[in-house]
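Input: a single structure, listed below in structure tokens.
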Amino acid sequence: MKRYSGLIAGMMLAAVLSAPAAADSEISGFLQGLYGYGTDSRNPVPSELTASEVRLQLRFESFSDGAEYFGRLDFVYDNYLDPGISAELREGYIKFGAGGWLDMKIGRQIITWGTGDLIFINDLFPKDWVSFFSGRDDQYLKAPQNALRFTMYGGSTSLDVVYTPRFTSDVIPSGMRLSYYNPMAGGIVGGEDYLFAGTMPEAKIENGEISAKLSRYFGSIDGALYFYRGFYKTPVGMDMAAREAFYPELMVYGASLRSPVFGGIFWIESGYYDSREDSGGNDPLVPNSSLESMAGFERQITSTVTANLQYYNSYMIDHDSFAATLPEGSPVTDEFYHLLTSRVTMLFMMENLNVSLFAFYSPSEEDAYGRAAVTYKYTDTVSMALGANLFHGEYEYTTFGGFQHNDNVYLKFTYGI
Amino acid sequence: MKIGTIITAAAILFTSLPALAGDSEHDPEALMKESHMAMFYAADDGISEVEMKIVNSKGKERVRQFAMLRLDVEEGGKQMYYTYFRKPHDVSRLTFMVHKLPQENDSRWLYIPSVDLIKRISSDDKGSSFVGSDFTYEDVSGRHWTEDTHTFVREDEYNGRGVYVIESKPVEKYKGFTRKITLIDRENHLVLREEYYKKGDSPERVFTAEKVETIDGIATSTFRRMENLKKNQYTTVEFSDIRYDVGIDESVFTERSLKNPPREYIR
């Protein structure tokens, strides 16, 4: 990638220079510095920093009556450990309509659907949890994918079909920036010896991902049905022979409803995760099928304070068969997983000072994760943010407990153009 | 709640009947309705570029730029709004949609393109600030005249224009104001000045129409100002490229347009 960044920069520059000639084109973007410091000295990662990077994002858009194209390119100078420059095409797609009832969006893009706030049941599009945990902007939680998206409309009903030819996984802590719990090592690990990556599914046509959503408005209530065929987005399967983690096959069938009620917005969503490689639930190395559900409510408390509350639950199918196959002494995952989350957003000084708090707490795994950020917009172009990511866990093998040494605080400066 | 509103509406209707019969030109209810229609329901639809400047007590200025589409589904009733933000950079390309039903909570949607997220927004509090300005959501789309009781005060002159002066008080307890004085232009029924009182004899906020232009034959206040005397700051709004009766279809005000801005109207 490095080799090409000069070329890409040149092409971007050419696009910038030629832009004024085209009537409906626009260039924008931002420059951002992010500096994060790990506050837990026990963290087994190679740097005390959690982030030290400068990012230039350039956005380019152009549209005519028939089509629209959009590009978002990030150049990042990162000296978390070894200084280096990288370029990432965050988005690069063309979008056009056909016959008034069909929209197509082809190329590298970010896709989101579902009703939850930072809880994703039927949204199986790739997420970057490393960015999320280290203080990058919210937009970096959603990772791009190369996909073909078709949206069909008929009255108040719409059907979305997304085909992603090459499976795109989540980005998860792998020991380099953030430590994690490694079951093979039996503890929290980090550093080069414990770099962790799953084996990707083979690049075959049948290993492409298909996501679909059928949605409809019933008055002010919006309902949706979902389908997904692909793989678990994190390497939760274990191949003992190869001693490698992999992404097991997955099918998901789900539904959601969202409605204004009691002066706020209420939502419920559910999904049945069909673990295709462990349909009997008796393979301890591949997750069992499960039923994932959540409910949430959000409303304004005062004219400048908004808060929400969510409850999420995961029920493991065939828990008995799972428990029976586990080796003696290994921690048994509960049949039910419970998670409570809450977000509070407060605006001060004519919305120029924004305080955001988000907490995850699981009573069943006895772990928690808190995000706090204070953002001040000094002018319309310059803003600064101070934030923190804090993890807590009674046990190392739980969702957030495994990240408990990754506590960090960060500072972020943004100049927008 | 709903029955209560109907009863109060009926009460207002009956109490204002003698006025209608006696002196129709000075019927405060009818005048407030006329001005509401002139301010917020001009033509059947409208498109405009908007520049908002928020100036704080230290003179520091923030600028918001957006394009706005409006469709009146029912004159004086249901309306739809669509907003496409251009500036500042952190909200550029963001879209916002409102389905407004008088006397009910609005339905509001926000689309954040960088994460492809459609968010439905709770809208209990119409007194919330619109994008951090001195205008509230209600100031932007109008407060329905039946939510207040009105009294005709006098005829007067304001900046060389003949005006009707009306005093209004909320039917139900309302935190936006306890009393409101409106100056309505006698000819075109536009609101030229509005003062919002909470306590005491001096207003907390004052709205003024700084510039009125005739566009497609319709008198339009193209430069508006809202001063917050309590906070010692103000916001100005300038409308440009205004077009009326463009023939915007209702299908523009859907999730599809949130994700795909209607380029036939928004460039």
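The values are calculated or read from the model by the stated rules, or taken from the named source; none is laboratory data. Because the structure is predicted, anything quoted here is derived from the model rather than measured. So basically every Cβ, Gly included, is an ideal-geometry build from the backbone, and we count neighbours across all protein chains shown. Note: areas computed on protein heavy atoms with side chains; ligands, DNA, RNA excluded. Shrake-Rupley method; radii C 1.70, N 1.55, O 1.52, S 1.80 Å.
Looking only at residues in region B:224-235 that are in a loop (DSSP other than H, G, I, E, B) and within 14 Å of chain A (Cβ to nearest Cβ), which one is surrounded by the most Cβ atoms within 10 Å (Cβ to Cβ)?
B:231
Can you tell which of A:289, A:321 is away from every other protein chain (no Cβ under 14 Å), open to solvent by less than 30 Å² (accessible area, probe 1.4 Å) and farther than 23 Å from residue A:400 by Cβ?
Answer to the selection: A:289.
Confirm whether residue A:357 is assigned to a strand (DSSP E or B) and over 20 Å from residue A:289 (Cβ atoms).
yes
On the given criteria, is residue A:364 away from every other protein chain (no Cβ under 14 Å) and not in a strand (DSSP E or B)?
Yes.
Being touching a Gly at 6+ places or on another chain (Cβ under 8 Å) and more than 20 Å from residue B:34 (Cβ to Cβ) is the filter; apply it to region B:175-195 and report the residue that is most open to solvent (accessible area, probe 1.4 Å).
Looking at residues that are touching a Gly at 6+ places or on another chain (Cβ under 8 Å) and more than 20 Å from residue B:34 (Cβ to Cβ), I get B:175.
Would you confirm whether any residue within region A:180-192 is at pLDDT 95 or above and assigned to a loop (DSSP other than H, G, I, E, B)?
No: zero hits.
Hey, any hits in region A:187-200 for a residue that's exposed (fewer than 13 other Cβ atoms within 10 Å of the Cβ) and free of Cβ contacts under 8 Å to residues at least 24 places away in the same chain?
Among the residues of region A:187-200, at least one is exposed (fewer than 13 other Cβ atoms within 10 Å of the Cβ) and free of Cβ contacts under 8 Å to residues at least 24 places away in the same chain, which makes the answer yes.
Hey, could you check region A:270-286 for residues that are free of Cβ contacts under 8 Å to residues at least 60 places away in the same chain and open to solvent by less than 30 Å² (accessible area, probe 1.4 Å) and say which is farthest from the other protein chains (Cβ to nearest Cβ)?
That would be A:281.
Identify, by number, the condition in (1) open to solvent by 10 Å² or more (accessible area, probe 1.4 Å); (2) small (Gly, Ala, Ser); (3) in a strand (DSSP E or B) that residue B:221 doesn't meet.
Looking at each condition in turn, residue B:221 falls short on (1).
Count, please, the residues in region A:223-267 that happen to be open to solvent by 70 Å² or more (accessible area, probe 1.4 Å) and at pLDDT 95 or above.
Of the residues in region A:223-267, 6 are open to solvent by 70 Å² or more (accessible area, probe 1.4 Å) and at pLDDT 95 or above.
Return the residue satisfying two criteria in turn: it lies in region A:46-77 and is open to solvent by 60 Å² or more (accessible area, probe 1.4 Å), more than 14 Å from chain B (Cβ to nearest Cβ) and assigned to a strand (DSSP E or B), and of such residues it is nearest to residue A:174 (Cα to Cα).
A:49
Tell me which of these residue A:139 doesn't satisfy, since it passes every other one: (1) open to solvent by less than 50 Å² (accessible area, probe 1.4 Å); (2) under 29 Å from residue A:388 (Cα atoms); (3) modelled with pLDDT of 95 or more.
(3)
When you go through (1) crowded, with 16+ Cβ neighbours inside 10 Å; (2) more than 30 Å from residue B:60 (Cβ to Cβ); (3) among the hydroxyl-bearing types (Ser, Thr, Tyr); (4) within 14 Å of chain A (Cβ to nearest Cβ) one by one for residue B:244, which number turns out not to apply?
Every listed condition holds for residue B:244 apart from (4).
From the residues in region B:141-174 that are surrounded by 12 or more Cβ atoms within 10 Å (Cβ to Cβ) and basic (Lys, Arg), which one is nearest to the chain's Cα centre (by Cα)?
B:143
Among the residues of region A:144-179, what is the count of those that are in a loop (DSSP other than H, G, I, E, B), crowded, with 20+ Cβ neighbours inside 10 Å and within 14 Å of another protein chain (Cβ to nearest Cβ)?
Residues that pass the stated criteria total 1.
Of the residues A:89, A:124, A:81, which is more than 11 Å from chain B (Cβ to nearest Cβ) and open to solvent by less than 20 Å² (accessible area, probe 1.4 Å)?
Sole residue among the options that is more than 11 Å from chain B (Cβ to nearest Cβ) and open to solvent by less than 20 Å² (accessible area, probe 1.4 Å): A:124.
Restricting attention to region B:25-61, report how many residues are out of contact with any Gly (no Cβ under 7 Å at 6 or more places or on another chain), assigned to a strand (DSSP E or B) and within 14 Å of chain A (Cβ to nearest Cβ).
Of the residues in that region, 5 qualify.
Looking only at region A:381-403, filter to residues that are in a loop (DSSP other than H, G, I, E, B) and open to solvent by 40 Å² or more (accessible area, probe 1.4 Å); which one of those is farthest from residue A:335 (Cα to Cα)?
Restricting to residues being in a loop (DSSP other than H, G, I, E, B) and open to solvent by 40 Å² or more (accessible area, probe 1.4 Å), the top hit is A:381.
All but one of (1) under 19 Å from the mean Cα position of the chain (by Cα); (2) at the interface with chain B (Cβ under 10 Å from one of its Cβ atoms) hold for residue A:359; state the number of the condition that does not hold.
(2)
Kindly provide the set of residues from region A:20-45 that are under 23 Å from residue A:386 (Cα atoms), of a type in the set (A, V, I, L, M, F, W, C) and at the interface with chain B (Cβ under 10 Å from one of its Cβ atoms), ordered by number.
A:30
Just to be sure before I move on: is residue B:238 more than 14 Å from chain A (Cβ to nearest Cβ), of a type in the set (Asp, Glu), surrounded by fewer than 18 Cβ atoms within 10 Å (Cβ to Cβ) and under 25 Å from residue B:98 (Cβ atoms) in the structure I sent?
When the stated conditions are applied, residue B:238 passes them.
Need pairs with beta-carbon distance below 9 Å; first residue within 7 Å of chain B (Cβ to nearest Cβ) and within region A:293-304, second of a type in the set (Val, Ile, Thr); sequence gap 6+ or separate chains.
Going by the 9 Å Cβ cut-off, the qualifying pairs are A:298/A:265; A:298/A:306; A:298/B:121; A:299/A:265; A:299/A:306; A:300/A:306; A:300/B:121; A:303/B:136.
Which condition breaks for residue B:112 when tested against (1) aliphatic (A, V, I, L, M); (2) open to solvent by 20 Å² or more (accessible area, probe 1.4 Å); (3) touching a helix residue (DSSP H, G or I) at 6+ places or on another chain (Cβ under 7 Å)?
(3)
Please determine whether any residue of region B:82-90 is in a strand (DSSP E or B), more than 27 Å from residue A:125 (Cα to Cα), more than 8 Å from every other protein chain (Cβ to nearest Cβ) and under 16 Å from the mean Cα position of the chain (by Cα).
Scanning region B:82-90, I find at least one residue that is in a strand (DSSP E or B), more than 27 Å from residue A:125 (Cα to Cα), more than 8 Å from every other protein chain (Cβ to nearest Cβ) and under 16 Å from the mean Cα position of the chain (by Cα), so the answer is yes.
Regarding region A:100-112, can at least one residue be identified that is outside any loop (DSSP other than H, G, I, E, B), modelled with pLDDT under 90, open to solvent by 20 Å² or more (accessible area, probe 1.4 Å) and not hydroxyl-bearing (Ser, Thr, Tyr)?
Scanning region A:100-112, I find no residue that is outside any loop (DSSP other than H, G, I, E, B), modelled with pLDDT under 90, open to solvent by 20 Å² or more (accessible area, probe 1.4 Å) and not hydroxyl-bearing (Ser, Thr, Tyr), so the answer is no.
When only residues in region B:96-105 that are open to solvent by 20 Å² or more (accessible area, probe 1.4 Å) and either in a strand (DSSP E or B) or more than 8 Å from chain A (Cβ to nearest Cβ) (or both) count, which is farthest from residue B:175 (Cα to Cα)?
B:99
How many of the residues in region B:251-262 are facing chain A (nearest Cβ under 10 Å) and surrounded by 15 or more Cβ atoms within 10 Å (Cβ to Cβ)?
Residues that pass the stated criteria total 6.
Go through (1) without any contact (Cβ under 8 Å) to a residue 40 or more places away in the chain; (2) in contact with a helix residue (DSSP H, G or I) (Cβ under 6 Å, 6 or more places away or on another chain) one by one and return the number of the condition residue A:171 breaks.
(1)
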